[in-house]
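S.K.: Below: one structure in structure tokens.
The values are calculated or read from the model by the stated rules, or taken from the named source; none is laboratory data. A quick note: this is a predicted structure, and the numbers were derived from the prediction, not measured. Don't worry about glycine lacking a Cβ; one is built from the backbone with ideal geometry, like all the others, and counts go over all protein chains shown.
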Amino acid sequence: MLQRPKGTVDLFGSKGRLYNNIEMYTYDYMKLNNFEYIKVPTFESSNLFKRGVGEGTDIVNKETYDFIDKGGREMTLRPEFTAGVVRSYIENKEYSFNRLKKYYYFGSCFRYERPQNGRLREFTQFGVEVIGAKNPRLDSDLIYMAYKYLEGLGIKNLKVKINTLGDNESRNKYKEILKEYISKDYDNLCDLCKDRYFRNPLRILDCKYDGNRDYIKNAPKTIDYLNEDSINYFNSVKESLTELGIDYEVDTTLVRGLDYYTHTVFEIVSSDESLSLASTICGGGRYDNLVGMLDGPSTPAVGFAIGIERIVAALECDEDSKFYNSIDVYIMNLTDDVFAYKLNNDLRNNGYTSDICYENKNMKQQWKLVDEINPNFVVIVGEDELAGGYVTIKDNKTKEQVSVKNDEVIDYFNTYY
Ligand code: ATP
Ligand code: MG
């Protein structure tokens, strides 16, 4: 039997609907925030990710899907969007207009990870990249935007964690201090962290094996090695978060692995049980070095990415979620008279989500369909109704029934629904 690849999912039925509703909510939300949609390729030259994500990272070291195309080029399926968006910004000379670009994207990412709850090999990211401004108020606005997005979806027990890596000067100083501290315990590090020690020592702080050891927990903190500019920048971010009413926790161990981060880094986690193994829903931060690292003119930037399947997992357990919503009306079609089909289309033309039974099913079979579809209302068109020039409308929640004249059905919904 043919089977889907490990670490991928088929989403259909109620889960498919949930995913689709989240996607539509995302597009509306980003229009509200005046962001520009960007679509970048699903695959890019492997080099982009090696340089843009960094060779010392888990993503590039172990997780990429690489292939050689028929022209002999080394290609990689995108493991994230930031590198591709920045490549596009530079290639299309978007910097030459000398104004802020605010992009958002929504699409698949690919990482060869060990599949488990909340961890897939093909998953969906929604994220934003704002390129062209360095302003702590912008960082806090993005945190606010991500938080409100998740809150609006109905995700419970959200927590914002923030930290700062400081500017390049502070960060480089900290890196040396951390390396010195760790060097004493180098032999006890896991194999991966031994490698990280040379390539990307900050990543050791959120190692899945070593990260929980007291030794790492007591490591020097970035926050103690900030220069004055970096302290002021971080204070400003915190001040505006407080003004915006966002509760946050400063987590001095939060470093996020990528080489290009500077200043603000943040995560939004949920302690929702359904996410036990993968509680981080959103990760982001400022990356003032990346555009320059990819041969563009030095340009500050900040962004975040959210894993959509983790949202689906969180909402799946909430039967009352509005994102599960079914259709407004289901037409129980018992005679196959054209009137029933016309009514279905009239309802749609008036903005109601509506559907009808196209199969030759008896009443009992159609009620079974209604149970599966769970519409808000059932409109019954049977022999008696047709002969009398009316329909029976049943409220599927309260189970109350009324008779409504054929030409008053739309009015009825407009008034009572
Ligand atoms: P983690 O620490 O969980 O591995 P990450 O730091 O690798 O996360 P990012 O690269 O910051 O994750 O990606 C942003 C978001 O994308 C994550 O917070 C998560 O919601 C989602 N995500 C990342 N990897 C996966 C995956 N393999 N399957 C499903 N969602 C994922
Ligand atoms: Mg990861």
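S.K.: Of the residues that sit in region 247-305 and are at pLDDT 90 or above, of a type in the set (S, T, Y) and within 11 Å of ligand 1 (Cβ to nearest atom), which one is nearest to R171 (Cα to Cα)?
M.R.: My answer is T280.
S.K.: Can you spot a residue in region 306-322 that is outside any helix (DSSP H, G or I) and surrounded by 22 or more Cβ atoms within 10 Å (Cβ to Cβ)?
M.R.: yes
S.K.: Additional query: Please enumerate the residues belonging to region 71-92 that are within 16 Å of ligand 2 (Cβ to nearest atom) and among the small types (G, A, S).
M.R.: Selection gives A83 alone.
S.K.: May I ask you to list pairs of residues, at least six apart or on different chains, whose Cβ atoms are under 8 Å apart, with the first in region 46-59 being over 17 Å from V85 (Cβ atoms) and the second being more than 14 Å from ligand 2 (Cβ to nearest atom) and modelled with pLDDT of 90 or more?
M.R.: These pairs meet every condition: S46/D66; S46/E74; S46/M75; S46/T76.
S.K.: Does region 112-129 contain at least one residue that is under 27 Å from P300 (Cβ atoms), in the same structural domain as A278 (by TED's automatic domain parsing), touching a strand residue (DSSP E or B) at 6+ places or on another chain (Cβ under 6 Å) and near ligand 1 (Cβ under 8 Å from one of its atoms)?
M.R.: Checking region 112-129: at least one residue is under 27 Å from P300 (Cβ atoms), in the same structural domain as A278 (by TED's automatic domain parsing), touching a strand residue (DSSP E or B) at 6+ places or on another chain (Cβ under 6 Å) and near ligand 1 (Cβ under 8 Å from one of its atoms).
S.K.: I've got another one for you. Report yes if some residue within region 59-68 is within 16 Å of ligand 2 (Cβ to nearest atom), outside the structural domain of V370 (by TED's automatic domain parsing) and loosely packed, with under 15 Cβ neighbours inside 10 Å; otherwise report no.
M.R.: yes
S.K.: Which one of N406, N344, N350 is touching a residue at least 60 places away in the same chain (Cβ under 8 Å), in contact with a strand residue (DSSP E or B) (Cβ under 8 Å, 6 or more places away or on another chain) and over 30 Å from I155 (Cα atoms)?
M.R.: N406 is the lone residue from the list that is touching a residue at least 60 places away in the same chain (Cβ under 8 Å), in contact with a strand residue (DSSP E or B) (Cβ under 8 Å, 6 or more places away or on another chain) and over 30 Å from I155 (Cα atoms).
S.K.: Still on this structure, I have one more. From the list D247, D259, D288, D210, which residue is without any contact (Cβ under 8 Å) to a residue 24 or more places away in the chain and either surrounded by fewer than 18 Cβ atoms within 10 Å (Cβ to Cβ) or not polar (S, T, N, Q) (or both)?
M.R.: Result: D210 is the single residue among D247, D259, D288, D210 that is without any contact (Cβ under 8 Å) to a residue 24 or more places away in the chain and either surrounded by fewer than 18 Cβ atoms within 10 Å (Cβ to Cβ) or not polar (S, T, N, Q) (or both).
S.K.: Taking G152 as the residue in question, decide whether it is crowded, with 18+ Cβ neighbours inside 10 Å, within 30 Å of S271 (Cα to Cα) and touching a Phe, Trp or Tyr at 6+ places or on another chain (Cβ under 8 Å).
M.R.: So G152 fails the test.
S.K.: Just a yes or no: is a residue in region 350-360 hydroxyl-bearing (S, T, Y) and either outside any loop (DSSP other than H, G, I, E, B) or surrounded by 16 or more Cβ atoms within 10 Å (Cβ to Cβ) (or both)?
M.R.: Yes, that holds for at least one residue.
S.K.: Now, a different point. Got a sec? Which of L189, L165 is modelled with pLDDT under 90, aliphatic (A, V, I, L, M) and either crowded, with 20+ Cβ neighbours inside 10 Å or away from ligand 1 (no atom under 14 Å from the Cβ) (or both)?
M.R.: The unique qualifying residue is L189.
S.K.: Shifting gears a bit: Mind counting the residues in region 375-410 that are within 21 Å of D336 (Cβ to Cβ), within 42 Å of the chain's Cα centre (by Cα) and in a loop (DSSP other than H, G, I, E, B)?
M.R.: Total satisfying the criteria: 1.
S.K.: Could you say which residue among L178, L241 is in contact (Cβ under 8 Å) with a residue 40 or more places away in the chain, of a type in the set (A, V, I, L, M, F, W, C), in the same structural domain as Y25 (by TED's automatic domain parsing) and crowded, with 21+ Cβ neighbours inside 10 Å?
M.R.: Testing whether each residue is in contact (Cβ under 8 Å) with a residue 40 or more places away in the chain, of a type in the set (A, V, I, L, M, F, W, C), in the same structural domain as Y25 (by TED's automatic domain parsing) and crowded, with 21+ Cβ neighbours inside 10 Å leaves just L241.
S.K.: Let me ask another. For the condition within 14 Å of ligand 2 (Cβ to nearest atom) and either touching a helix residue (DSSP H, G or I) at 6+ places or on another chain (Cβ under 8 Å) or modelled with pLDDT under 95 (or both), what is the one hit in P41, P115?
M.R.: Checking each option against the conditions leaves just P115.
S.K.: Condition (residue is part of a helix (DSSP H, G or I), within 16 Å of ligand 1 (Cβ to nearest atom), within 16 Å of G292 (Cα to Cα) and under 21 Å from the mean Cα position of the chain (by Cα)) applied to region 41-56: is it met by at least one residue?
M.R.: yes
S.K.: Inspect all residues belonging to region 125-139 and state whether any of them is within 16 Å of ligand 2 (Cβ to nearest atom) and touching a residue at least 24 places away in the same chain (Cβ under 8 Å).
M.R.: Yes.
Residue-by-condition table, conditions (1) in a strand (DSSP E or B); (2) within 14 Å of ligand 1 (Cβ to nearest atom); (3) out of contact with any Asp or Glu (no Cβ under 9 Å at 6 or more places or on another chain):
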residue	(1), (2), (3)
T76	yes, no, no
P79	no, yes, no
V86	no, no, no
S108	yes, yes, no
A146	no, yes, yes
K159	yes, yes, no
